Amino acid sequence: MNDLTPSFERETGQVTLEGLPAGAAGEAFLTPVPGLDLAFDRVDGRLGRAVVDVAGAGGSVAVGEQTAAMLIRLFGQEARGVVLGAALPRGDEPQAALTLCPDPELATTLSSLARLYAVRATSPVPPSSPWWAAEAAELAERAGLPAMTGAKTGPAPAAPPRVPVLDVAAEVESLEKDCPHPTGTQWMLDPGMVPAGLFQFGLSPYSDLVVLRAGQDRIVVEALLAPGADRRALSRCRARLVIPAVRRILAEAGFTVVGSKARAELRLPFRPDEVAESWIEVVQDKRRPVRSTTGHRTRRALRWADAALRAERAPAALDQAATRADWSALAAAAWDRCRIDWAAAGDTDRAYLAARRRFLGPSDGGSHGVSD
């Protein structure tokens, strides 16, 4: 049973229906109607949290018409009463904990749509590809939400999606040669810190961002630009070398366009290996604060899990020469890196889940994206 228990947050005017916490790959988010936010586990697809706006006019408690209709579809006729009941003042008498269980069919469709959006954010298939809109429209129509995607339903494009040249076997070989180090200079291209659709993500964090030493006092940072990338958005982005432990920026630089890549050159005040742990990051605004060491490790753990889930699906469109064994090896390597980052972030539970997935593999064989 996937039961969710309600609680009320007076400061935000929201009722949260809470289930089990997300696992090693984190959550995929979806807002099917205004006033209702859903979060699904990216590994098993279950609904783990629903947040409902209940703040009415003049401090009253109310649920909007669209929100109420979706709650009833998803949780049953009693859902609106349970949500409102959680927000109403209670007496001193102890109350029995009420729970709601989502409809399996609708929850599965909404989960697929949420995970499709999550997959698209870091896929080597450009976000502008019509394949994404076609599949999102199909799932939204199946969920009774055709207006969500802004796209008309219909058959997927006949031509395969355009993707950069990828080599799964070479990615695995590079990961196996480059053993991870718990200290020293780390890096990642975080999709949550850069404009959507600006950079082209690779098969894993290893190939999202290329970092090259240029002598003793310079580091060159390169990222592949997405087709049709907004050059004005790129002009505001910065590459930075930071020390997360003290939230300090050691060096930063803007990007220039070199062919299909964005390149930044960092001039170092001293050797980065003189500090215990430094990170190279890309931000969409130089005013962005430096994230903590735990925050960096957590975000990269989630990106490794994202890469592992993609590899488990063995999407032929990304590398037609790759064998199933190549994809399996990439998934295993990505889950192992995910485990390392979760452990470094101090989250032993998610580190265990990543290790378990690495050895046991997927059990559902689900697909999230015909083009991915």
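The values are calculated or read from the model by the stated rules, or taken from the named source; none is laboratory data. All figures in this text were calculated on a predicted structure; none of them were measured in a lab. Every residue, glycine as well, gets a Cβ built from its backbone with ideal geometry; the counts of neighbours run over all protein chains shown.
Would you check if R115 is closer than 26 Å to A22 by Cβ, assigned by TED's automatic domain parsing to the domain that holds G35 and modelled with pLDDT of 95 or more? No, not satisfied.
Without any contact (Cβ under 8 Å) to a residue 60 or more places away in the chain and buried (at least 17 other Cβ atoms within 10 Å of the Cβ): does that describe L36? Spelling it out, L36 is indeed without any contact (Cβ under 8 Å) to a residue 60 or more places away in the chain and buried (at least 17 other Cβ atoms within 10 Å of the Cβ). Going by the structure shown, is T12 polar (S, T, N, Q) and modelled with pLDDT of 95 or more? When the stated conditions are applied, T12 does not pass them.
Here L189 fulfils each of the conditions (1) assigned to a loop (DSSP other than H, G, I, E, B); (2) surrounded by fewer than 21 Cβ atoms within 10 Å (Cβ to Cβ); (3) modelled with pLDDT of 95 or more apart from (2). Looking only at segment 268-323, residues that are buried (at least 17 other Cβ atoms within 10 Å of the Cβ), under 26 Å from E173 (Cβ atoms) and out of contact with any strand residue (DSSP E or B) (no Cβ under 8 Å at 6 or more places or on another chain) come to 21 in all. Name the one entry in Q200, Q216 that is surrounded by 21 or more Cβ atoms within 10 Å (Cβ to Cβ) and more than 24 Å from A345 (Cβ to Cβ). That would be Q200, the only listed residue that is surrounded by 21 or more Cβ atoms within 10 Å (Cβ to Cβ) and more than 24 Å from A345 (Cβ to Cβ).
So that you can scan it fast, the table gives a plain yes or no per residue for (1) in contact with a Lys or Arg (Cβ under 9 Å, 6 or more places away or on another chain); (2) at pLDDT below 90; (3) surrounded by 15 or more Cβ atoms within 10 Å (Cβ to Cβ):
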position: Q77; (1), (2), (3): no, no, no
position: R80; (1), (2), (3): no, no, yes
position: R120; (1), (2), (3): no, no, yes
position: W132; (1), (2), (3): yes, yes, yes
position: A140; (1), (2), (3): no, no, yes
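Taking segment 39-59, which residues are surrounded by fewer than 19 Cβ atoms within 10 Å (Cβ to Cβ) and more than 21 Å from the chain's Cα centre (by Cα)? Across segment 39-59, the qualifying residues are D53, A55, G56, A57, G58, G59.
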